[in-house]
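Novice: Can you read through this structure? Questions will come right after.
Read the figures in this text as sums done on the coordinates, not as results from a lab. Note that the structure is predicted; figures quoted are calculated from it, not measured. Please note: Cβ atoms are built from the backbone with ideal geometry, for glycine as well, and neighbour counts cover all protein chains shown.
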Amino acid sequence: MAYDWIIAHDSRHEKPYRMECLRCGETMDVKTPVSIKDYAKIADAFTEKHKNCKETIDTDWAFFPTCPYCGYEDEDYSGFDNDGDTVECECPNCEKEYMATMHLDVNFSSEKKDEK
Ligand SMILES: [Zn+2]
Ligand SMILES: [Zn+2]
């Protein structure tokens, strides 16, 4: 596989066919039995989602609000007006929500929103 942080466990693993991204830590269990064809499709989708995962995501003092999940920098920060504004952002890349705070001069930091 082209991305060495994206692991597809084979059928001998205790969680057969589990997909794992070593960078963001997300795992996905594939329901078995699964056909090779379906599994390839699932693996492709998982790879597509995680191929841009960065090793460590630096969300502080970024030029743009930065998604703490996937590292995507959102250049559209129209929801911010004043220094210290904290705005709920939805990442256009991975569709997760996070909170970002604007520091006027102009930097952003963001943190993961509490997951239920
Ligand atoms: Zn990932
Ligand atoms: Zn994201």
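Novice: Which order do 28, 102 fall in if you start with the one that has the fewest other Cβ atoms within 10 Å?
Specialist: Least to most surrounded, the residues fall as 28, 102.
Novice: In degrees between 0 and 90, to the nearest 10, how far off the longest principal axis of the chain does helix 36-50 point, with axes built from Cα atoms?
Specialist: Value to nearest ten degrees: 20.
Novice: If you put +1 on each Lys and Arg Cβ and -1 on each Asp and Glu Cβ, how big is the dipole of region 6-50 around its Cα centre, in Debye rounded to 20? Intermediate results must be reported in sequence, preceding the final value.
Specialist: Details: 8 positive and 8 negative charges, 12 e Å.
Roughly 60 debye for region 6-50.
Novice: Which value, in debye to the nearest 20, gives the size of the charge dipole of the chain about its Cα centre, when Lys and Arg are +1 and Asp and Glu are -1 at the Cβ? Don't skip to the answer; put the middle values down first.
Specialist: Values: 14 positive and 27 negative charges, 209 e Å.
Result for the chain is approximately 1000 debye, rounded to the nearest 20.
Novice: Could you list 57, 7 so that the one with the fewest beta carbons within 10 Å of its beta carbon is first and the one with the most is last? All intermediate terms of the calculation are to be shown ahead of the outcome.
Specialist: On the way: 57 18, 7 15.
Going from sparsest to densest Cβ surroundings: 7, 57.
Novice: Still on this structure, I have one more. On a C-alpha basis, how far is the centre of region 1-48 from the centre of region 63-116 in Å? Whole number, if you could?
Specialist: 29
Novice: Where in region 16-81 are there GluC sites (Glu not before Pro) that are in a DSSP coil and have at most 13 other Cβ atoms within 10 angstrom of their Cβ?
Specialist: Working: sites: 20, 26, 48, 55, 73, 75; in loops: 26, 55, 75.
Of the GluC sites (Glu not before Pro), the ones in loops of region 16-81 whose Cβ has at most 13 other Cβ atoms within 10 Å are 55, 75.
Novice: Modelling each spin label as a point 7 Å along the Cα-to-Cβ direction, I'd like the residue 112/residue 3 distance in nm, to one decimal.
Specialist: 1.8
Novice: Go through 42, 67, 52 and say which Cα lies farthest out towards the positive end of the charge dipole of region 20-89; charges sit on Cβ, +1 for Lys and Arg, -1 for Asp and Glu.
Specialist: 42
Novice: Going by C-beta contacts inside 10 Å, put 116, 51, 31 in order with the fewest on the left. Spell out each step's value before the answer.
Specialist: Working: 116 3, 51 13, 31 8.
Result, fewest neighbours first: 116, 31, 51.
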